[in-house]
Amino acid sequence: MIGELVQVPAGAIHVRQDGPADGKPIVLLHGFEGSVHWWDRLVPLLADTYRVIRVDLLGFGCTTGEPGFDQRSQSEMLTAVLERLDITDATAVGHSWGADSALGLAELSGRVSEVVVVDQAPDCAEIRILQVLRPVLRLLALAPIGRAVHALLNTDRVLRRALAAGFAPGFDPDIAGPGWSQLRSDHRAMSWRANRAVLVERPQALAARPLDTQLRALDLPALVIHGKHDSLYRWRNTLDRYAAAGARIEVIDAAGHSPNVETPDRVAAILRDFLADPSRSRSAAS
């Protein structure tokens, strides 16, 4: 474990802080199957200026917790963490599924001044694979099957294939990323119950209240970063919807679903540019 455990009502939350204590806070929230290590390559590019806070969400990484994988529960936990650390005026950055928690934290806490969404569609209608696998995913609601599927993915070969969609074609995490060993550890540390919450229950929640609707209601400066080679989403539809909600849009040509891992230098540059003038909105490719 790196960092510290912060005690809040939801449990012992794994938090890592880097950078100057008086720097503007940036809160980094990982996606499904992830942990704080999905930000390892990005943090050194920001920590000279910003106070960078990484959090393992409930049921992931080194954070305890079995219930509470939904947006509200994660947001309540994160609000308590920011209160304990006396953090205000934070930029909340959520990668993939972590975007739910970033927007929820902004809505609930009043401690967030900007939000950043990294490769996450407004709802699951934009996720291609869910449309195909929806009947299969419902089986994850059954405990024996959910446990069995989670155990199956523990094998290196299956896990590599399952996580390949998280990166652009040809990207190797062992060469420029957290490494397959870390990704395998993150999967094993994740509660198997999170599969049901994220893959079965979450699509229903987002159908009722998509992330672009939430972003519009927040009325905060917002940035959406998306990899051009993201194979999970119909990304043009995704970006059009966020732009209509008032977000600034940045597309990274060389990245897939995880630009924070694949192209951290570009993500850092985009974040710095955005935070220099958050109220400015524009669309660009980089």
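The values are calculated or read from the model by the stated rules, or taken from the named source; none is laboratory data. Given the structure is predicted, the values throughout are model-derived calculations rather than measurements. In this analysis, Cβ positions are derived from the backbone assuming ideal geometry, glycine residues included, and neighbour counts consider all displayed protein chains. What goes into the accessible areas is simple: the full protein's heavy atoms, side chains included, and nothing from ligands, DNA or RNA. Shrake-Rupley method; radii C 1.70, N 1.55, O 1.52, S 1.80 Å.
What's the number of the only condition in (1) without any contact (Cβ under 8 Å) to a residue 40 or more places away in the chain; (2) within 13 Å of the chain's Cα centre (by Cα); (3) outside any helix (DSSP H, G or I) that Gly23 fails to meet?
Gly23 satisfies every listed condition except (2).
How do the pairs read when you match residues in region 161-177 that are in contact (Cβ under 8 Å) with a residue 60 or more places away in the chain with residues anywhere that are among the polar types (S, T, N, Q), using Cβ under 6 Å and keeping only pairs 6 or more apart or on different chains?
Once the first residue is in contact (Cβ under 8 Å) with a residue 60 or more places away in the chain and sits in region 161-177, its partners that are among the polar types (S, T, N, Q) give Ala165/Ser231; Gly166/Ser258; Phe167/Ser258.
Of the residues Pro221, Pro169, which is open to solvent by 10 Å² or more (accessible area, probe 1.4 Å), under 21 Å from Val93 (Cα atoms) and not polar (S, T, N, Q)?
When all the criteria are applied, what remains is Pro221.
What residue, among those in region 10-21 that are open to solvent by 40 Å² or more (accessible area, probe 1.4 Å) and under 15 Å from Leu57 (Cβ atoms), is modelled with the lowest pLDDT?
The residue in question is Ala10.
Between Leu103, Leu78, Leu58, Leu28, which is within 16 Å of the chain's Cα centre (by Cα) and assigned to a loop (DSSP other than H, G, I, E, B)?
Only one candidate qualifies: Leu58.
Considering Asp123, Asp70, which residue is in contact with a helix residue (DSSP H, G or I) (Cβ under 9 Å, 6 or more places away or on another chain), modelled with pLDDT under 95 and farther than 22 Å from Ala245 by Cα?
Testing whether each residue is in contact with a helix residue (DSSP H, G or I) (Cβ under 9 Å, 6 or more places away or on another chain), modelled with pLDDT under 95 and farther than 22 Å from Ala245 by Cα leaves just Asp70.
List the pairs whose first member sits in region 90-116 and is open to solvent by 10 Å² or more (accessible area, probe 1.4 Å), whose second member is in a helix (DSSP H, G or I) and small (Gly, Ala, Ser), and whose Cβ atoms are under 7 Å apart, counting only residues at least 6 apart or on separate chains?
So the pair list comes out as Leu108/Ser75; Val112/Ala106.
I'd like to verify a number: residues in region 31-53 that are part of a loop (DSSP other than H, G, I, E, B) and hydrophobic (A, V, I, L, M, F, W, C), how many?
Matching residues across region 31-53 total 4.
Every residue, every condition in (1) open to solvent by less than 20 Å² (accessible area, probe 1.4 Å); (2) under 23 Å from Leu58 (Cβ atoms), yes or no:
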position	(1), (2)
Glu201	no, yes
Leu206	yes, yes
Ala217	no, no
Ile225	yes, no
Arg234	no, no
Leu239	yes, no
Ala255	yes, no
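Those residues that are open to solvent by 70 Å² or more (accessible area, probe 1.4 Å) and either touching a strand residue (DSSP E or B) at 6+ places or on another chain (Cβ under 8 Å) or of a type in the set (A, V, I, L, M) (or both), I need them from region 257-281; list them, please.
Selection gives Arg266, Ala276, Arg280, Ser281.
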